[in-house]
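Let me begin by presenting the structure, written as structure tokens, before commenting on it.
Values in this text are rule-based calculations from the coordinates and carry no lab data. Predicted, not measured: the structure shown is a model, and the values here were computed from it. Please note: Cβ atoms are built from the backbone with ideal geometry, for glycine as well, and neighbour counts cover all protein chains shown.
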Amino acid sequence: MSTATTPVGKAGEYLDDRTGGATLLKHNLRKVFPDHWSFMLGEIALYSFIILLLSGTFLTFFYKPSMVEVIYNGSYVPLNGVKMSEAYASTLDISFDIRGGLLMRQIHHWAALIFVAAISVHLFRIFFTGAFRKPREFNWLIGVGLLTLAILEGFSGYSLPDDLLSGTGLRIAEGIVLAIPVVGTYLSFFLFGGEFPGQDFIPRLYSVHILLIPGAILAAITAHLIMVVYHKHTQYPGPGRTENNVVGYPLLPVYMAKAGGFFFVVFGIIVLLSAVATINPVWLFGPYTPSQITAGSQPDWYIGFLDGMLRIFPAWETTAFGHTISWNILFPALILPGIMFTLLGLYPFIEAWVTGDKREHHLLDRPRNQATRTALGVMAITFYIILWIAGANDIIATAFDLSINAMIRASQIGVILLPPIAYVITKRICLGLQRRDRDRLLHGRETGLIRRLPSGEYIEVHAPISDEERVTLLQAGAKKDEVFALPESTDDNGVPAPGGLVQGVRARLSRWYFSETIPDPTPDELHEAAHHAQELAENQQAQLEAGKPS
Amino acid sequence: MTSLSVRRRHPLATALVVGLGLLLVGGLYAAVGQASEAGAASATSTTQQVSEGRQLYVTGCSSCHGLNAQSTSNGPTLIGAGAAAVDFQVGTGRMPLAAPGAQAARGPVSYTDEEIASLGAYIASLAPGPAVPTAEQLDYADADLAQGGVLFRTNCASCHNFAGKGGALTRGKYAPSVVESTDKHIYEAMITGPQAMPVFGNNTLTPEDKQQITKYIRTLADSPNPGGLALGRVGPVAEGVFVWVVGIIVLGAAAVWIGAKVS
Amino acid sequence: MSDSHEAAALVPAEHNGHPGTGSDLESIAPGLPAHRLRLTDTDARAAQRAERQVAILFGLSALATIGFVVAFFAFPESETTITIIPGLFEPSESNLFLGLTLGLAILFVGIGAIHWAKKLMVDEEVVDVRHPARSPDADRAEFETILAGGVQESGIADRSIIRRTLIGALALLPIPAVLLLRDLGPLPGKKLEETIISENIRIVIDGTQRPLRPEDIPVGGLVNAVPENLEEVEELEGTLNARAKATLMLIRLRPEEIISQQGDDWSVQGILCFSKVCTHVGCPLGLYEQRSHHMLCPCHQSTFDLADGAKVLFGPAARPLPQLPIKLDSEGYIVAQSDFTEPVGPSFWERG
């Protein structure tokens, strides 16, 4: 039975008769999303991915994933008559002979760099605000998976044009595969269809790049977003915001307009970037030839840390029983990234185990209130940045007149020394900020007004902070120092309980994790401070009045 | 010392292209005429030139290279270095050495062209060595550009980078940018192998090969960047920095704007 | 609109008790701050102005789209560049104008929509209630009952022979999947250990194919070279595989500069021949410093001393660059004495 009169209503009824979508949408169209700029970083990644799908589809229409050698005869004169693979020749054609092709290539590549960068800053936001805590641990895992897939997708795309840089990158990848003990040689021959570079790899990489990995990314993003909708978005502490509610704007219309608009903004900015800034000028690199190399052979930024690790790792190689193990490749290129990504993925579970925290969290942490976590995060970022600098050391050396040898040595020392220093400094800063918050709660804010009391004493006037700030501070700091308590380690007869050692380690880690945390003022302290402040104010006022000339 | 990778292409590059074009199209005959003249001049370096050169050498160079160019602990021997090496080292301002360092850097030229020619004549008179190339040897008008690219990528790009922008070597040494170099200096560098650079003699890279390479370098140097800002033509590192410093900041600013409350 | 804000901050303190006295945070929460009206909510003229701004932004987007169509036909060639800042910004006309128009067309839609949302859409904050992620206890219990019932009905728990054979069958199924990948490539065999170089193969200049006599190479010189038969092999195979292993470099030192070599009489008149493939992960080398005889790899900066048996001086490479023994043929050209005596390029398990 039709009741709708407007065309839109009729269309809606037509659809709902067949899908029953109204039931689902009535709940979700007014879904509430909290408003904060830092909640949009993940959106940048999502939108970059959509842009990558769109621009990538365009590129597939013209790109030829073939390593068959052809003689180039296109518009770019300096390469005319040069032997190259069809893949490289078609990339040149896209750049010079297809209208808008160069723009599309640049959009695709800039969007790819931004995709991984946006995932990284989104990850930082999630990490430092503790948004990965229960019930969101699985979504964190999906996110780490997405980061890994994005890096693989980026590397496979970097390798497709078959220019001198991308071929060199593949050569290094082959060297890394060869270093895998026992099966490395076989793996390499299976991957490349024989010896490097062969004729099979680019077509194979192409199907991985345009089908397998994007499909996996799409599936993971879908799961990622469904989880966000189901859990409802986290929010920052503030008046009216609790663990049991979510305060923000409804999806329809405000968020649809803001998020939808942001898609266009991200897309527009990436297109403008591609209009004015060159990326990956493959025509300058020339076609890949295994006998050529260029100074500054570097990967895209997200592989830079691996390249850096390969550069600074000592030249360790073991030969025994007729077999070779190349630690100088195996460790920096496979074991270390394995450890890094495993630790990253497991972090929520490790932290929950250490803190013994089994509660659900929907209010975000202020990074300062989790001094240990924040310090660990900064430590990890420092480690990563040093590897990144090592990966770019020749470019930095030429730009600043440094010696690459000195830079390598400095990176080797720095990668061990600087992260712990960063940890300590960050923790100190966080604790200082915690102390300041406590002071603000107890004594109010410093107004900068200096008054001279009739007694000759100078005091700085403190003004009470607003209730909003008080609530925000108290809420943010709530239970930040709840330590995991060691269960009874011995039973009644004095026999150590099973797992006593593990639990002991756990308790020690927990104490370390919460060490030095500045406790929030207790209600009594707050009350007393308020009382004291009032007294002080009255006292001062009285003194001032007494001192006034009558 | 200006850092190499951030050194942009010379603002007058366009003017230079136009000038070169005019020179090639309009003044070809004149250029050929001048060339043969220059060739004749260098072939007949007079004894007067040699003695002038000797005097300049004694005042300006002998403290490091020795009174008879036989080398000292401060500088290598110049016997057999040839006029080309003198023209390159002095003509690019690398010599006289401004300051000790990992390697001599390009700098202001301290001698006039005539003085450099005299110095060259003196060094050439000590023992045979590579001569300053003639204009004919430098004329790459008919050279094969694409083949020049192949040779450039095989022999030069490993140190000087795919776009001739230069790169790092060991212990603070570096391969300088070649895009600002004159044709003559490029040629001289190949035949003399200044400082760390290996020698590419005329029997391994023939004068014709060198012309092709020079043509490719010139084309690279004068080629615009169709994609927009070149970011120094140093490869993906600059792109990565750009994406973080510009891309993420601009997009983050947009996010801040969206999240900001309106009054 | 600051009045309502201050009121919101001041009032609840009395309503909810003195801050800090309650043990529960909820009790001191002043609640959601009162909604603040925007200028566009109270001033009809401001709202109209905002409406106009949004419309203009959308209009600009449409204009930019028209501009894109014009640019698409006006600038058909990518190579034609326009000088905007000489030497610094000389983009392709096509790329610049297509990009600017398309970028602005897209950007203005976004800015317009967001401006609309910020200025004109109802911006009252909404509160939604959260529920724990877990299902209610009743649902869990029901789920468990259903699951247990299903397992019971299937009989999988009791019929152990079915269970075991099923597990066994499923465990074997990945075998076909893996086996199907077998033909991805041939087995390595000895391929990594040999190159196309053999005795009396001439060493020629890479790029020009010219053979070399010792006198062609000056002291301090570097020649990037390949074996003479490479061209033929590449023609035949249509791949770069042979080149990837057989790429070479020749250098010439004064005989007294040679500290050591990898074999006796492997050089000719101070000319040494090395593999150009780095022993770390296989990048081609070529950054030769003729004064110090150092060879640097640009990828990971391994440094080899070519005058001293190409031993590693610095960096992550663990092995010297293999040296190719060379001699002169009857016509005085440089030829190989044999293939390399060890595998070139990066290490691998079977290398030994």
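Some notes on this structure:
- Rounded D (µm²/s) - the range A:316-432, Kirkwood Rh over Cα pairs, Stokes-Einstein at 37 °C, 0.692 mPa s: 192
- Sites counted here are GluC sites (Glu not before Pro) in a DSSP loop (not H, G, I, E or B) having no more than 11 other Cβ atoms within 10 Å; the longest part of chain A that contains none of them is A:1-456.
- Between residue B:131 and B:84, the built amide H atoms are under 5 Å apart, and every one of these is 5 or more places off in sequence or on another chain.
- The residues packed around residue C:276, meaning those with a beta-carbon under 14 Å from its beta-carbon, carry a net charge of +3 if Lys and Arg are +1 and Asp and Glu are -1.
- Among A:31, B:173, A:358, the order by Cβ neighbours within 10 angstrom, fewest to most, reads A:358, A:31, B:173.
- Selection from A:276, A:308, A:348 lying farthest towards where the dipole of chain A points positive, charges on Cβ: A:276
- Normalised Debye scattering of the range B:104-237 at q = 0.11, 0.15 Å⁻¹ gives log10 I(q)/I(0) of -0.44, -0.81, counting only Cα atoms as equal scatterers and leaving out solvent.
- Take chain A and mark each of the chymotrypsin sites (Phe, Trp or Tyr not before Pro) that is in a DSSP loop with at most 16 other Cβ atoms within 10 Å; the longest unmarked stretch, sites excluded, is A:63-315.
- Diffusion coefficient (Stokes-Einstein, Kirkwood radius over C-alpha pairs, 25 °C, 0.890 mPa s) for the range C:79-166: 117 µm²/s, rounded to a whole number.
- Of A:26/C:118; A:10/C:119; B:184/C:311; B:165/C:245; B:184/C:276; A:83/B:215, those spanning more than 26 Å from alpha-carbon to alpha-carbon: A:10/C:119; B:184/C:311; B:165/C:245; B:184/C:276
- Of the residues A:452, A:436, the one with the fewest other Cβ atoms within 10 Å heads the list, and the complete ranking is A:452, A:436.
- Candidates per trypsin sites (Lys or Arg not before Pro) in the range C:173-231, loop by DSSP, up to 16 other Cβ within 10 Å: C:190
- For chain A, size of Cβ-based charge dipole, Lys and Arg +1, Asp and Glu -1, in debye: 460
- Farthest positive-ward along the protein assembly as shown dipole, Cα basis, beta-carbon charges - from C:50, B:125, A:381: C:50
- Helix A:137-159 and the long axis of chain A differ in direction by around 30°, with both axes built from C-alpha atoms.
- Mean residue ellipticity (222 nm) of chain A, computed from DSSP H runs ≥ 4 via -39,500 (n - 2.57), nearest 500: -20000 deg cm²/dmol
- All-pairs Cα distance distribution in chain A, expressed in whole percent, bin size 10 Å: 3, 13, 20, 21, 18, 13, 7, 3, 1, 0, 0
- A cut-off of 5 Å between modelled amide H atoms, ignoring neighbours fewer than 5 places along the same chain, links residue A:85 with A:70, A:288.
- Cubic angstrom per residue, convex hull over Cα atoms of the range A:415-471: 119
- Extent of the range C:172-290 along its three principal axes (Cα atoms, max minus min coordinate, largest first): 66, 31, 25 Å.
- For the range A:350-356, the Karplus equation 6.51 cos²θ - 1.76 cosθ + 1.60, evaluated at θ = phi - 60°, returns couplings of 5, 5, 5, 5, 5, 7, x Hz by residue, with Gly and Pro reported as x.
- Restriction of the trypsin sites (Lys or Arg not before Pro) in the range A:175-260 to DSSP coil positions whose beta-carbon has at most 16 other beta-carbons within 10 angstrom yields no sites.
- For chain C, the mean residue ellipticity at 222 nm estimated from helices alone is -12000 deg cm²/dmol, where every DSSP H run of n ≥ 4 contributes -39500 (n - 2.57) and the total is divided by all residues, rounded to the nearest 500.
- Of all lysines in the structure, the ones whose alpha carbon falls short of 25 Å from that of residue A:358, not counting any fewer than 8 places away in one chain, are A:134, A:232, A:427, A:479, A:480.
- Viscosity 0.692 mPa s, 37 °C: Kirkwood-radius Stokes-Einstein D of chain C over Cα pairs, µm²/s: 109
- Cut-off under 5 Å, modelled amide H: who pairs with residue A:295 long-range: B:158, B:159, B:160, B:161, B:162
- Dipole magnitude of the protein assembly as shown about its Cα centre (Cβ charges: Lys, Arg +1; Asp, Glu -1), debye to nearest 20: 1440
- Evaluating 6.51 cos²θ - 1.76 cosθ + 1.60 at θ = phi - 60° for every residue in the range A:443-457, the Karplus couplings come out as 10, x, 8, 7, 8, x, 8, 9, 10, 9, 7, x, 5, x, 7 Hz, glycine and proline recorded as x.
- For the protein assembly as shown, fraction of C-alpha pairs farther apart than 62 Å, in %: 23
- Within the shell defined by Cβ-Cβ distances under 13 Å, the residues around residue C:286 carry a net charge of 0, with Lys and Arg each +1 and Asp and Glu each -1.
- The range A:290-363: Cα Rg divided by the 2.2 N^0.38 Å rule of thumb: 1.69
- Excluding same-chain neighbours fewer than eight residues apart, the aspartates and glutamates reachable from residue B:261 by a Cα-Cα span under 17 Å are A:35, A:468, C:3, C:6, C:41, C:123, C:124, C:125.
- Axial C-alpha extent at least 27 Å, average Kyte-Doolittle at least -0.5 - helices from chain C (DSSP): C:44-74, C:93-119
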